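Take a look at the structure set out below.
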4 protein chains.
Amino acid sequence: MNKQVVVGVVGAGRIGKLHINNMKNLSGVRIKAVSDVFADHLQDWFNTSGVEYLTKDYQEIIQDPEIDAIFICSPTDTHVEIIKEAAKKGKHIFCEKPISFSQEETLEAYEAVKEAGVKFQIGFNRRFDRNFSKVRAAVEEKGIGDLHVLKITSRDPEPPALDYVERSGGIFMDMTIHDFDMARFISGSEVIEVFATGAALVNPAIANYNDIDTAIINLKFANGSIGVIDNSRQAVYGYDQRLEAFGSEGSAIVNNETESTVSISSRNGIQEDKPLHFFLERYNDAFVKEIKGFFDAITHDTEVPCQFQDGIMAQRIAVAAKESLQTGVPVSVETTIKLELLN
Amino acid sequence: MNKQVVVGVVGAGRIGKLHINNMKNLSGVRIKAVSDVFADHLQDWFNTSGVEYLTKDYQEIIQDPEIDAIFICSPTDTHVEIIKEAAKKGKHIFCEKPISFSQEETLEAYEAVKEAGVKFQIGFNRRFDRNFSKVRAAVEEKGIGDLHVLKITSRDPEPPALDYVERSGGIFMDMTIHDFDMARFISGSEVIEVFATGAALVNPAIANYNDIDTAIINLKFANGSIGVIDNSRQAVYGYDQRLEAFGSEGSAIVNNETESTVSISSRNGIQEDKPLHFFLERYNDAFVKEIKGFFDAITHDTEVPCQFQDGIMAQRIAVAAKESLQTGVPVSVETTIKLELLN
Amino acid sequence: MNKQVVVGVVGAGRIGKLHINNMKNLSGVRIKAVSDVFADHLQDWFNTSGVEYLTKDYQEIIQDPEIDAIFICSPTDTHVEIIKEAAKKGKHIFCEKPISFSQEETLEAYEAVKEAGVKFQIGFNRRFDRNFSKVRAAVEEKGIGDLHVLKITSRDPEPPALDYVERSGGIFMDMTIHDFDMARFISGSEVIEVFATGAALVNPAIANYNDIDTAIINLKFANGSIGVIDNSRQAVYGYDQRLEAFGSEGSAIVNNETESTVSISSRNGIQEDKPLHFFLERYNDAFVKEIKGFFDAITHDTEVPCQFQDGIMAQRIAVAAKESLQTGVPVSVETTIKLELLN
Amino acid sequence: MNKQVVVGVVGAGRIGKLHINNMKNLSGVRIKAVSDVFADHLQDWFNTSGVEYLTKDYQEIIQDPEIDAIFICSPTDTHVEIIKEAAKKGKHIFCEKPISFSQEETLEAYEAVKEAGVKFQIGFNRRFDRNFSKVRAAVEEKGIGDLHVLKITSRDPEPPALDYVERSGGIFMDMTIHDFDMARFISGSEVIEVFATGAALVNPAIANYNDIDTAIINLKFANGSIGVIDNSRQAVYGYDQRLEAFGSEGSAIVNNETESTVSISSRNGIQEDKPLHFFLERYNDAFVKEIKGFFDAITHDTEVPCQFQDGIMAQRIAVAAKESLQTGVPVSVETTIKLELLN
């Protein structure tokens, strides 16, 4: 890379700080600005962050002509507006998932990005995990023959706070959306039908927010294979992220990454270590590869590794899953993206 | 055991021979008779079987006053008739699964057994597997807290012949019925709703018999927990029999039993042994424990470990799964057993 | 097998009873007699044993003209005398390890067996374990290339009583002798030098008997490869029986067999089951295969799978290991068997 | 850290570059200079290295008054001279292993460091591996009771070039020295006697350099426990770094870290991934923690985590192992460090 990419980050919560920290170790990247509505409370962090300026108003970043690329790490309901403004200013965009809670608004943002011709990457970090990408390769190269069944287990170590639940868009939009993307990524096929069951078994109070914390979601793929995702908001033993692709010539299984490879044998049995605690630990390397992919696409003007369409489709599956849970019957998913503005 | 139990076996196919072989090593059991419509072809086997007489006509066994207990290992469509006749003669009954393809006929058989007051055990051998019974104990003793999600993977090493498929009653009645029983056994709760998806992916010709070979079946339990079973008629790497019970305090996973514990490291990776090939190898010990349980119940006049009701309920779930597959929507399962004759 | 082999068993301790129990399930074998100096206390066991007569005096067995084969399961210091007498009477012999504590007496017994031309098998049961025999095959077929290093871990679940220690011949003769045989079996090569270190770490009182309970023994093989055995009289987590053959093209590792394949994940970690408790559980199948091999050799007049020479060589290595421990330097092992009587 | 530590690196080979790369991500560290006799060939690397100046002559670094700490990554035979010069100039020292090939020269360097009162850390990176440090903690906290047996397996993926072998000081000084340090680190006890066997099995040409490539080394510890290390210069399946600490209450085993957690089941078996290829991959995190520990000790004026004495003792064990291999008998190791100059 000869030219530096100048970056501004909107939102300095957990994920915004994570990306900033990872960017610091990348040559060819200059982190110029970060904005956050709670900027007043972030001064200590900012002082050691290596970022050049901190602002309360993300418009400063949008208007900064030196900034080439923007990372949108603010709450979901602000994404669409910022995408549209940033695209208009010709800035490349890295946006955390989900793009929005509204399919219409997501399409508006998509049109704005298409019109502006800027790069847009959605933050499906798991695609960059060494284990999942190895299984994707096995499926693609027919190492397990034709895919018949895809199984994904995805469990968080602890449930979110109830006020987070309230603003989360529901478990399918907030948590399962990663698994929906994994389903499309590993299978290389579109999800055409969803059937969801679930309940609030971890914390019954979650039901008050019209949400659940335990779910099983069946999937039908366009290529004829079938799949199932199971979720829980609380696996007391840690972040449980496993997957199995089963096909005509065998299966490929991703097991958890663990805290160590040590096993202790005692009178009580053989104790192995737990999975890495949560996504920061488990997907640490994946987060780094993810933004490397984004900057590579900018520098070499190639396709980003995870597209706007991927965000649209995962969102649609999440919406269909919610409808299925409410209606008690399977729901179809539209896989064509029609754009009014552009056509 | 002071008194010998005298046994007659109806049907000398694979499973009948298996039971006879296992009975030979049990003290307190005398295998007097075996019947099979193909008795003519069984002379060689019979000569070394240790059984006292071989007949073409199972009525000889029914009428033999010395025989205390009868093993029904003949084709499914003969079960109900034999059960009713044997019960009338006061013989204890061990019957292979499923009891029948018709829920009405199954209830008739149930009434006959109840009236006669004989012991009746259904052949759900997997309940006696050391691994599954350990997980059942963990669930029962709240070792994983409250059960939230139950997952069962059950795959055969190779698909059955098409003429077998034709007479099998379909994958749910023939194969998944074991998993439906496992779901009830491990959870200790009734299945109240089923949703099934699937396709003929292993062998498209199976579709000609209105059947499938790959399936995912969602379950709702009376206790509020949820479950999922995935089936395939062909796992090229062998008999795949795994299970996970996930709850509020952790999870219990059954992994496959393997041909050996040897692992070979080479330039290509680390090679572990495959699962035991099929049910004869995997459930070898379970088949022995199963009949021990039956004979113990006879000798000590206690309850059999696997009841007629278990057979009825598994059959109902199988019927509901088939209906769900055909209609594309979830189907409820009636969990009350109403008997007209007896009430 | 057309003709039955008639068997007499000398010694009805743990191992004698084990062999009798396994023989009961073999067709073609008739267990006629069992002798034990404590016969008075064995009446209850004998009544359900299926053996035809019980005697205090093994001479009855030696003199019984109907008996074809004798199992020597009595204390080590009685072996040589019984072997010589049985051989003279033309009886085939299965003898538990070690043959004797004296190399001269062992050679006398060997000569007697050679002269009589009877079958003689030494009870190195581990050769018949499915895991070890798989590794032996891998080494033989060069699946790991040329063998470079052989490592054996062998630990008992609990130390023997001190009065057993006193009569045991020491850890090398009593326990490690199995590992010395494994070293020869897996490598297919003779051990030519031994260096032993060790201490009484489990129970310091064992030192009073001039013995140790923890040992590491280095081996040099005739083929140029090297090996190491580590022993302990007490692994609190169960019977630890592992092995690694490392070569120019990879390695083959035998892991322990476990009580189940269940793993339980909780807040504390992931708990796997312990190894099978002791040799009766771990080598259950191997003990059956072992005597099948013996009876096959008799019936078909072929070579027994585990020869007299194997017993002689393992004993020599044990003697050399003891000398090495006492002198603190490596000790050579003579690999040629010279017979005065026969030559 | 308030004050920056200014660093100079002597030797820009593989390990020097590794440390420089890791230092770049540490706040509070400024890498001012790097020297290498082949500086002419390093210009391209230097341009992107972030180091301020490159020189052929390490004296420039020694004389640079701004430099606080020096990393000695040059060939072993240059270590002592540089240590003495750097200590005289009051610079803290991080030195790669081994300190030297001569025990006398090592003691001279030790005295120079003691006199100057500078920090000195030896590069035993494995102490910082998450797995080994977990086992060390288990041993220290008596999690496995009293240590009885320590077993270390250490195998490289491929043998070094013959010209490297010639200058390496032999396998014990070059490769096993890490395992000797591990033995002391895990046990928390001194090695008092060594017995070594081995041969040139991977590449017979290594014997021409009076060296071996396959070894088994027995250890006696001051605390009464015993140990064994096995080495090979070539494990075709990758870098094999395992360890077992066995004690009165159980065992703690370190298994290899692997390229992924994916397992592929096929007709041929179940394929797991190989170990991480070599030390750069396996000990990546450990190398970072290692230098963090060094800089922390400088900044807070505390003890370095891996001392000069550790280097001296590992070197002595290596010398004793070589003598044992040559003489064929066990060799004692002196565990007292006597300093003439200082006392």
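Each reported figure results from applying straightforward, stated rules to the coordinates on display, with no laboratory input. Predicted, not measured: the structure shown is a model, and the values here were computed from it. Here the Cβ is made from the backbone with ideal geometry for all residues, glycine too, and neighbour counts use every protein chain on show.
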- Please report B:T336, C:T55, A:T261 as a ranked list, fewest other C-beta atoms within 10 angstrom at the top and most at the bottom. B:T336, C:T55, A:T261
- Angle in degrees between helix D:130-140 and the longest Cα principal axis of chain D, rounded to the nearest 10: 70 degrees
- How many percent of all Cα-Cα pairs in the protein assembly as shown sit more than 45 Å apart? 52 percent
- Across the residues of B:232-238, average count of Cβ atoms on other protein chains within 10 Å? 6
- Helix B:14-24 axis, angle to chain B major axis (alpha carbon atoms, nearest 10°): 70 degrees
- Query: Quick one: what do you get for the stretch A:205-310 if you divide its Cα Rg by 2.2 N^0.38 Å?
  - Reply: 1.46
- Rounded to 5, the percent of DSSP beta bridges in chain B classed as antiparallel: 55 percent
- For the stretch C:252-257, in residue order, the Karplus 3J(HN,Hα) values (coefficients 6.51, -1.76, 1.60; θ = phi - 60°; whole Hz; Gly and Pro = x) are 10, 10, 9, 8, 5, 7
- Message: Please report the equivalent ellipsoid semi-axes of the stretch B:5-118, computed as sqrt(5 x eigenvalue) of the Cα gyration tensor, largest first, in whole Å.
- Response: 23, 15, 12
- Query: Measuring from a point 7 Å out along Cα→Cβ, what nm distances, shortest first, does C:N255 have to its partners in the other copies?
  - Reply: 0.4, 0.5, 0.6
- Note on the structure: One decimal, nm, nearest first: from C:G328 to the same residue in each other copy, label points 7 Å out along Cα→Cβ, the values are 1.9, 8.5, 8.7
- quick note, the protein assembly as shown, DSSP beta bridge pairs, % antiparallel (nearest 5) is 60 percent
- Task: Within the stretch C:1-98, report the GluC sites (Glu not before Pro) that DSSP leaves as loop and that have at most 10 other Cβ atoms within 10 Å.
- Result: C:E66
- Query: Two-decimal Rg/Rh of the stretch C:16-79 from alpha-carbon positions, Kirkwood Rh?
  - Reply: 0.93
- Query: Given label points at 7 Å from Cα along Cα→Cβ, what nm distances, shortest first, separate C:D44 from the same residue in every other copy?
  - Reply: 4.7, 7.3, 8.5
- Query: For the stretch D:60-120, what is the Kirkwood hydrodynamic radius in Å, using each pair of distinct C-alpha atoms?
  - Reply: 11.3 Å
- Task: Past 30 Å, Cα to Cα, is the threshold; run A:K274/D:K322; C:K274/D:K322; D:K88/D:K289 against it and keep the listed order.
- Result: A:K274/D:K322; C:K274/D:K322
- Helix C:308-327 versus the longest principal axis of chain C: what is the Cα-based angle in degrees, 0 to 90, to the nearest 10? 50 degrees
- Item | Amide proton proximity set for C:C306, modelled H, under 5 Å, gap of 5+ | C:I122
- Percent of all alpha-carbon pairs of chain C at distances over 31 Å, whole number, is 35 percent
- Task: Enter the mean number of other protein chain beta carbons within 10 Å of the beta carbon of each residue in B:267-280, as an integer.
- Result: 5
- Sorted by Cβ density within 10 Å, fewest first, the residues C:E193, A:E334: A:E334, C:E193
- Note on the structure: B:G13 neighbourhood, Cβ < 13 Å, K/R = +1, D/E = -1, net charge +1
- Query: Among the DSSP beta bridges whose two residues both lie in the stretch A:5-118, what percent are antiparallel, rounded to the nearest 5?
  - Reply: 0 percent
- Query: Going out from 0 in 10 Å bins, what whole percent of all Cα-Cα distances in the stretch A:170-261 drops into each bin?
  - Reply: 14, 43, 31, 11, 1
- Message: Can you show me the helix-derived [θ] at 222 nm for chain C, built from DSSP H runs with n ≥ 4 at -39,500 (n - 2.57) apiece and divided by the number of residues, rounded to the nearest 500.
- Response: -10000 deg cm²/dmol
- Scan chain C for the residue whose Cβ is closest to the axis carrying it onto chain B, then write down that distance in whole angstrom. C:N25, 3
- Would you please give the residues with an amide H less than 5 Å from that of A:I93, counting only those at least 5 places away or on a separate chain, with H modeled from the backbone geometry? A:I70, A:K119, A:F120, A:Q121
